[in-house]
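Undergrad: My questions all concern the structure below.
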Amino acid sequence: MKNSLETRLGLFFALACVAGFLLFEMAGGGSFFHPGREIRARFNSVQDLKAGDPVRLAGVMVGRVKAIRLAPNESRVEVVLKLDRAAVVKTDSRASILFTGLMGQNFVSLTFGSPGAPALEAGGLVESTEQADLGQLMAKLEGVADGVKNMTRSFSGEEFSKLLGPLTDFLRDNSPKLATILGNMANISTLIADGKGTVGKMITDDTLYSSTLTAVTNLNHFSGELGGLFGDAKGLVADARTALGQATNVVAGMQRGEGTVGLLLKDEKLYTESTTAMTNLREILGKINQGQGSVGKLVNDESFLKNVKMTLHKVDKATEGLEDTGPMSILGTLIQALF
C-alpha cells in the first residue's frame with residue numbers, strides 16, 4: 001500500500017512537471033519547441049528590457065529576447081535575439097527598444113530593411129537605434145510642468161493688476177481725446193453712409209459704378225484684341241519657322257548636290273568644264289587682241305576700217321540723188337557706186 005501511494009505521487013509529480021514545461025513553452029518562455037536562429041543587437045542602454053521579452057518585426061511577433069549581457073571590449077549592452085526561421089532580417093534592418101505604454105512591457109522592434117539587401121546570417125549583428133529613456137522623458141515633462149506652474153504664478157491677481165495698471169492710467173488720462181476721436185469717427189461714418197465726400201460717392205453713386213463697369217468692359221475688349229494680336233504674332237512666328245525650315249532644307253539639298261545650284265557647287269566635272277571654257281575664252285580674246293584670225297584682223301586692221309568708212313561715204317553720195325529715181329535705177333546706181 002505504501003509503495004502504491006509513493007508510485008502515484010511520483011507519477012503525479014512527473015505529470016505536473018511535464019505540464020508545467022509544456023505550458024512554459026506554449027507561453028513563449030522557452031525555446032525547446034521553437035527552433036530558429038539567433039542574432040545580436042547592441043544598445044547604450046536596455047532600460048527595463050529583460051530576457052523573455054518579445055521581438056517584433058514591423059509589429060509582428062517573430063521571437064523573444066534570449067539573453068542580455070555586456071558587450072566584450074565595448075561600453076555597450078549586447079542583446080541576443082532568438083528569431084523564428086520564417087523571420088527575414090536584412091543587413092540594413094534596425095533594432096530599437098520600445099514599450100507598449102507608459103507602464104507597458106518593453107520589446108525589441110525590428111525594421112524590414114531595403115528589399116535588395118541580403119539577409120542577415122545567424123549570429124550576425126544588426127544595427128541599433130537608441131530611443132529616449134522613459135526616465136528622461138518624465139524628467140522633461142516635470143520640467144515643463146514646473147515652467148507652466150511658474151507662468152501661472154506670474155498671472156496672479158497682484159501681477160495682473162501691475163500689468164494692466166499703466167493701461168488703465170493711459171485710458172483715464174486721455175479719455176477726453178479718445179471720446180473726441182470716437183465722435184469724429186462716428187461723424188465720418190455717418191457722412192459716408194449719406195453719400196457725402198469722395199468715399200461716400202464711391203460707395204453710393206451709381207454713375208461711378210457704371211463708369212467702372214464700362215472701363216472693365218473696354219479692358220476686356222482690349223484684352224481680347226490683344227489676345228488676337230498675340231495669336232497673329234504666333235502665326236507669324238510659325239510661318240517664319242516654316243520658312244526657316246524650308247530654307248534649311250534648300251541649303252541641305254544644295255550641300256547634297258541637288259538642283260542647279262547644288263550641281264554648280266558639288267559637280268567637279270561642271271567646275272572643270274567651266275574652268276576650261278573660261279581658259280579657252282581667255283585665249284580667244286588674247287588672239288583677237290593680238291590680231292590673229294579673221295576677227296582679230298577685223299578688229300586690229302586699220303585699212304579695213306578705212307575701207308568701211310570710204311564705202312559708207314560712197315553710199316551716202318549715191319543716195320543723194322535717189323529721191324526722184326525709180327527702184328531699178330537706184331539699184332543700178334548703188335551697184336555702180338560700190339564697184
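The values are calculated or read from the model by the stated rules, or taken from the named source; none is laboratory data. This is a predicted model, so every value here is computed, not measured. Neighbour counts are summed over all protein chains in view; Cβ atoms, including those assigned to glycine, are modelled from backbone coordinates with ideal geometry.
Undergrad: Specify which of the listed residues (117, 41) is in contact with a strand residue (DSSP E or B) (Cβ under 6 Å, 6 or more places away or on another chain), at pLDDT 85 or above, in a loop (DSSP other than H, G, I, E, B) and assigned by TED's automatic domain parsing to the domain that holds residue 129.
TA: 117
Undergrad: What tally of residues in region 69-85 results from selecting those that are exposed (fewer than 14 other Cβ atoms within 10 Å of the Cβ) and within 13 Å of residue 122 (Cα to Cα)?
TA: 1
Undergrad: If you take just the helices (runs of 4 or more DSSP H) that sit entirely in region 152-264, which of them hold at least 3 residues that are at pLDDT 75 or above?
TA: 157-173, 175-193, 206-255
Undergrad: Please go through region 265-289 and give me each residue that is surrounded by 11 or more Cβ atoms within 10 Å (Cβ to Cβ) and either at pLDDT 75 or above or closer than 30 Å to residue 302 by Cα (or both), ordered by number.
TA: Answer for region 265-289, where residues must be surrounded by 11 or more Cβ atoms within 10 Å (Cβ to Cβ) and either at pLDDT 75 or above or closer than 30 Å to residue 302 by Cα (or both): 273, 274, 284, 285, 286, 287, 288, 289.
Undergrad: Shifting gears a bit: From the list 90, 66, pick out the single residue that is touching a Phe, Trp or Tyr at 6+ places or on another chain (Cβ under 9 Å), among the basic types (Lys, Arg) and surrounded by 14 or more Cβ atoms within 10 Å (Cβ to Cβ).
TA: Just one listed residue meets the conditions, 90.
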